[in-house]
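*Asks:* Structure provided below as C-alpha cells; questions to follow.
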Amino acid sequence: MIAAETKLKGCFIIEPRVFQDDRGYFFESFNQQTFNKLIGRSINFVQDNESFSSRGVIRGLHFQEGEFAQAKLVRVIKGAVLDVAVDIRKESPTFGQYVAIELTEENKKQLFVPRGFAHGFSVLSKTAIFSYKCDNYYNKESEAGIIYNDTTLNIDWKIARDEAQLSDKDIILPTLEAYFK
C-alpha cells in the first residue's frame with residue numbers, strides 16, 4: 001500500500017497493492033497499522049457505511065461539526081465516482097480549495113479525508129457502490145454541508161447539470177461564504 005498526500009495537508013490518496021491473475025484479484029483494502037504509518041498519525045475508525053447510487057447522483061458536500069467531526073476513508077467497490085474533498089479549516093492556507101479524484105472499481109484507489117473537510121461525490125458510471133470508514137459516529141444534529149455548485153469552489157462534477165440528481169436537503173445547502181459568515 002502506498003500513500004500520496006494531496007495539495008491539501010492531511011488529505012491522502014491511498015493505493016493498495018493488487019495481486020491479479022487469471023482467477024481474479026486480491027488486495028488488502030485496509031490495515032490499521034499500515035494506514036496509520038502511511039498518514040503519520042493514529043486514526044481509529046468506528047463506523048463503516050456503504051451507498052448505492054445511479055449515474056448522475058451527486059452526494060454532498062457533507063461534514064459533521066464540532067465534537068462529531070469525522071475523518072473518512074472512502075473507496076468504490078463497483079463503478080466509478082468523482083470524489084471531492086474541500087478544505088473548510090478556517091485557519092488553513094488551503095481553506096476553500098478542493099481535490100477531486102476518480103475512484104473506480106478498476107483503480108481501487110482510496111481517499112483519506114481528514115476532519116475539517118467537506119466531502120462529496122458524483123456517480124460517473126451506470127451505478128456505483130461506495131464505501132467509507134468513519135472515525136466518529138454519525139450525529140444528525142451535527143450534520144452540515146456546502147452546496148455542490150458553489151461558484152467560488154467551481155467544482156466540475158463531470159455530470160451535466162440536467163443529469164444531476166440531488167437529495168432535497170443537498171439542494172438547499174448554503175454556499176461556503178454563507179456558511180462561514
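Here is a yes/no grid of residues against (1) over 21 Å from residue 136 (Cβ atoms); (2) in contact with a helix residue (DSSP H, G or I) (Cβ under 8 Å, 6 or more places away or on another chain); (3) buried (at least 19 other Cβ atoms within 10 Å of the Cβ):
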| residue | (1), (2), (3) |
| --- | --- |
| 38 | no, no, no |
| 43 | no, yes, no |
| 52 | yes, no, no |
| 57 | yes, no, yes |
| 61 | no, no, yes |
| 70 | no, no, yes |
| 79 | yes, no, yes |
| 84 | no, no, yes |
| 89 | no, no, no |
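*Asks:* From 150, 135, grab the single residue that is surrounded by 16 or more Cβ atoms within 10 Å (Cβ to Cβ), at pLDDT 95 or above and in contact with a Ser or Thr (Cβ under 6 Å, 6 or more places away or on another chain).
*Replies:* Sole residue among the options that is surrounded by 16 or more Cβ atoms within 10 Å (Cβ to Cβ), at pLDDT 95 or above and in contact with a Ser or Thr (Cβ under 6 Å, 6 or more places away or on another chain): 150.
*Asks:* Separate question: Against the definition (touching a strand residue (DSSP E or B) at 6+ places or on another chain (Cβ under 6 Å), at pLDDT 95 or above, crowded, with 16+ Cβ neighbours inside 10 Å and under 20 Å from residue 149 (Cα atoms)), how does residue 122 come out, yes or no?
*Replies:* The answer is yes for residue 122.
*Asks:* Moving to a separate point now. Please determine whether any residue of region 95-102 is of a type in the set (Val, Ile, Thr) and out of contact with any Lys or Arg (no Cβ under 9 Å at 6 or more places or on another chain). Show your work before the answer.
*Replies:* Let us first name the residues in region 95-102 that are of a type in the set (Val, Ile, Thr), namely 99, 101.
Now narrow it down to the ones that are out of contact with any Lys or Arg (no Cβ under 9 Å at 6 or more places or on another chain): none.
No - not one qualifying residue is present in region 95-102.
*Asks:* So, in region 165-178, of the ones that are out of contact with any strand residue (DSSP E or B) (no Cβ under 7 Å at 6 or more places or on another chain) and not acidic (Asp, Glu), which residue ends up surrounded by the most Cβ atoms within 10 Å (Cβ to Cβ)?
*Replies:* Once the filter is applied, the top-ranked residue is 176.
*Asks:* Related question: Among the candidates 123, 113, which residue alone is within 13 Å of the chain's Cα centre (by Cα) and more than 18 Å from residue 47 (Cα to Cα)?
*Replies:* Selected residue: 123, the only one of 123, 113 that is within 13 Å of the chain's Cα centre (by Cα) and more than 18 Å from residue 47 (Cα to Cα).
The values are calculated or read from the model by the stated rules, or taken from the named source; none is laboratory data. For clarity, every value in this text was computed on a predicted model and none was experimentally measured. Please note: Cβ atoms are built from the backbone with ideal geometry, for glycine as well, and neighbour counts cover all protein chains shown.
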